[in-house]
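In what follows, a single structure is set out as structure tokens and then discussed.
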Amino acid sequence: MNFLEEKILADGVIKAGNILKVDNFLNHQIDIDIMRQIAYEFKRRFRGKAVTKILTIEASGIAIATMLADLYDVPVVFAKKGETANSTDDKYVSHAYSFTHKRMNNVFVSKPYLNAGEKVLIVDDFLADGQAMLALTDIVKQAGAEVVGLGVAIEKGQQKGGSLLREAGYHLESIAIIDGMDADAQTITFRQL
């Protein structure tokens, strides 16, 4: 059992509807030691890959992306989910259905922040149906950049996202893969790799 699986078992809460709450250390309150360990683990798993930019989607992936970007000494870019008054028209746009929020999001990255030829490592906190990752890979392709890998802290292995991305040929690394959860018993089954 790895450090993230241990933390999930100690502090995660399973809710009905296949929901795992880890907001006390990953996506509301942030445990910096866990973020640091996640970043080091991704750096180890993607060793040998040239990386010029880290890409994530707002909001929960930003902490992981920032810690990892520090190790690579490269910038972080995060795809935004909503338009603001100062949003530019000069952007790459894709669409992603949010499993957590149960809605379709337009996601975008302003064109000056993602360029042709860049080597992009995409990271996020969760992977369920893979829609956010597919939207981010689409944005990277629109920019003429290259996806060198996909890093996910927690993958819901019983959902289709991981299989979909691996079958598409992406190098996907998930630190914890959950194959089953029982809300009544508060038990989790992790995939043994």
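The values are calculated or read from the model by the stated rules, or taken from the named source; none is laboratory data. No experiment lies behind these values; they were computed from the predicted model shown. For neighbour counting, all protein chains shown are included, and Cβ atoms are generated from backbone atoms with ideal geometry for every residue, glycine included. Each accessible area value is taken on the protein alone, full model and side chains, heavy atoms only, with ligands, DNA and RNA left out. Shrake-Rupley method; radii C 1.70, N 1.55, O 1.52, S 1.80 Å.
Of the residues ARG103, ARG166, the single one that is farther than 26 Å from ASP33 by Cα and at pLDDT 95 or above is ARG166.
Within the stretch 160-193, the set of residues being surrounded by fewer than 17 Cβ atoms within 10 Å (Cβ to Cβ), more than 20 Å from ALA132 (Cβ to Cβ) and touching an Asp or Glu at 6+ places or on another chain (Cβ under 7 Å) comprises THR189, ARG191. For the structure I just gave you, tell me whether ALA10 is surrounded by fewer than 20 Cβ atoms within 10 Å (Cβ to Cβ), touching a residue at least 60 places away in the same chain (Cβ under 8 Å) and not acidic (Asp, Glu). For ALA10, the condition - surrounded by fewer than 20 Cβ atoms within 10 Å (Cβ to Cβ), touching a residue at least 60 places away in the same chain (Cβ under 8 Å) and not acidic (Asp, Glu) - is not met.
Any idea which of ASP179, ASP138, ASP184, ASP124 is in a loop (DSSP other than H, G, I, E, B) and either out of contact with any Cys (no Cβ under 8 Å at 6 or more places or on another chain) or among the small types (Gly, Ala, Ser) (or both)?
None of the other options fit; the residue is ASP184.
Of all residues in the stretch 21-36, those being among the aliphatic types (A, V, I, L, M), assigned to a loop (DSSP other than H, G, I, E, B) and open to solvent by less than 60 Å² (accessible area, probe 1.4 Å) number 2.
Quick one: would you say GLN142 is on the phi < 0 side of the Ramachandran plot, in contact with a Phe, Trp or Tyr (Cβ under 6 Å, 6 or more places away or on another chain) and surrounded by fewer than 18 Cβ atoms within 10 Å (Cβ to Cβ)? Steps first, please.
Working: on the phi < 0 side of the Ramachandran plot: yes; in contact with a Phe, Trp or Tyr (Cβ under 6 Å, 6 or more places away or on another chain): yes; surrounded by fewer than 18 Cβ atoms within 10 Å (Cβ to Cβ): yes.
Yes; evaluated as a whole, the condition is true for this residue.
Taken residue by residue, the stretch 37-48 has at least one member that is not in a helix (DSSP H, G or I) and not charged (D, E, K, R).
Would you check if VAL51 is under 24 Å from GLN158 (Cα atoms) and either in contact with a Gly (Cβ under 9 Å, 6 or more places away or on another chain) or modelled with pLDDT of 95 or more (or both)? For VAL51, the condition - under 24 Å from GLN158 (Cα atoms) and either in contact with a Gly (Cβ under 9 Å, 6 or more places away or on another chain) or modelled with pLDDT of 95 or more (or both) - is not met. Scanning the stretch 38-59 for residues that are open to solvent by less than 60 Å² (accessible area, probe 1.4 Å), within 23 Å of ASN2 (Cα to Cα) and not aromatic (Phe, Trp, Tyr) yields ILE38, ALA39, GLU41, ARG45. The single residue among ILE54, ILE64 that is assigned to a strand (DSSP E or B), touching a helix residue (DSSP H, G or I) at 6+ places or on another chain (Cβ under 6 Å) and among the aliphatic types (A, V, I, L, M) turns out to be ILE54.
When each of GLU118, GLU146, GLU173 is tested for being within 12 Å of the chain's Cα centre (by Cα) and farther than 15 Å from GLU58 by Cα, the lone residue that passes is GLU173. Within the stretch 145-155, if we keep just the residues that are open to solvent by 10 Å² or more (accessible area, probe 1.4 Å) and assigned to a strand (DSSP E or B), the residue that is farthest from LEU127 (Cα to Cα) turns out to be GLU146. Within the stretch 109-123, being open to solvent by 10 Å² or more (accessible area, probe 1.4 Å) and either out of contact with any helix residue (DSSP H, G or I) (no Cβ under 7 Å at 6 or more places or on another chain) or of a type in the set (Asp, Glu) (or both) holds for SER110, LYS111, PRO112, TYR113, GLY117, GLU118, LYS119.
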